[in-house]
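Values in this text are rule-based calculations from the coordinates and carry no lab data. Note that the coordinates shown come from a computational prediction; the quantities given were computed from them, not determined experimentally. In this analysis, Cβ positions are derived from the backbone assuming ideal geometry, glycine residues included, and neighbour counts consider all displayed protein chains.
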Amino acid sequence: MARPTALTIAGSDSSAGAGIQADIVTFSREGLQARTVVTVVTAQDHGGVRDALVLPSRLVAAQLDAALGGPAPSAVKTGALGSAPLVAVVGEAAREGRLPNLVVDPVTHASAGGALLDPPGSELLVRDLLPLAFVATPNLDEAGRWINRPLTSLDDVRDSTDDLLGLGCTSLVVKGGHLHGDPVDLVLTERGSLEIGGPRIECSDLHGTGCIHSAALCAGLALGEDVMQAAIRARRAVEAELSRRREPR
Ligand code: PXL
């Protein structure tokens, strides 16, 4: 039988550790066929983003039409979206019901520095795209910014469940990497929550781990898992990647 397909709408990372390149590798590791829509082309290395070009919305819309031309993908994720017009292109496709199981990873900056979404784009993402998302995957800082209140502890997130779901997405996975001690990811849905623990794997290189997380989550949904199962898959994919990076080369 043909492998299930997932679509990523994201930026290109020339170092290939993050962005659309990380998404393709992750989809493939999880047994999926990838389709891709490139939004921003970046030239980057460990020093950060050296240059970047946000593609014209016409070209992104054309890629999206082409990528959605065959049998529908089983799930879709977004990464770096560059600018408000590209957020609008994705929003329009989502409103038309063309982006099933939409995972919105709110990427604004590259891990080594450099903007990947401008401020009007970030505003539109919250207002226009989050309400169309099946899952959003903010870290603590991003989730806190969305509800205008700093989130620094697990209790802060637990107490903010209603406000976070009030943003309009069906569910959220608030990533706990910034918590003190071992990270706990919190899955929030109208039907209940789940806390996903695990050891903190110390690693100086975290480049692309957010992309791997949202891609593996998207893969889980494409394979028919619910958001809680898919969030566990995502957490384990990040742990496996960090363990590989710690191995002596
Ligand atoms: O991990 C976030 C991210 C997303 N997309 C692109 C990136 C990065 C991080 O560097 O380069 C293109």
| field | Computed lengthening from Arg145 to Ser204, 0.36 nm per intervening residue step minus Cα-Cα distance | value | 18.7 nm
| request: Of the DSSP beta bridges with both residues in the chain, give the percent that are antiparallel, rounding to the nearest 5. | output: 45 percent
| Residue list for the range 38-78, given a label point 7 angstrom along the Cα-to-Cβ vector of Ser14 and an amide N cut-off under 13 Å | 41-53
| note | Spelling it out for Ser83: with amide H atoms placed in the peptide plane at 1.01 Å from N, the residues 5 or more places away or on another chain with amide H under 5 Å from its amide H are Asp118
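Hey, what's the Kirkwood Rh for the chain if you take every pair of different alpha carbons, in angstrom?
For the chain, inverting the mean 1/r across all distinct Cα pairs yields 17.8 Å.
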| field | the chain, helix-only ellipticity at 222 nm - DSSP H runs n ≥ 4, -39,500 (n - 2.57), divided by all residues, nearest 500 | value | -11000 deg cm²/dmol
| In terms of modelled amide H atoms, which long-range or inter-chain residues lie less than 5 Å from the amide H of Asn139? | Lys175
| message | Show me, for the range 98-113, the HN-Hα J-couplings you get by feeding each phi into the Karplus relation (A = 6.51, B = -1.76, C = 1.60, θ = phi - 60°), rounded to Hz, glycine and proline as x. | response | 8, 10, x, 6, 6, 9, 9, 9, x, 6, 10, 9, 6, 4, 8, x
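Using a simple charge model, +1 on the beta-carbon of Lys and Arg, -1 on the beta-carbon of Asp and Glu, nothing else, what dipole does the chain show about its Cα centre, in debye to the nearest 20?
Values: 22 positive and 30 negative charges, 130 e Å.
Dipole magnitude for the chain comes out near 620 debye.
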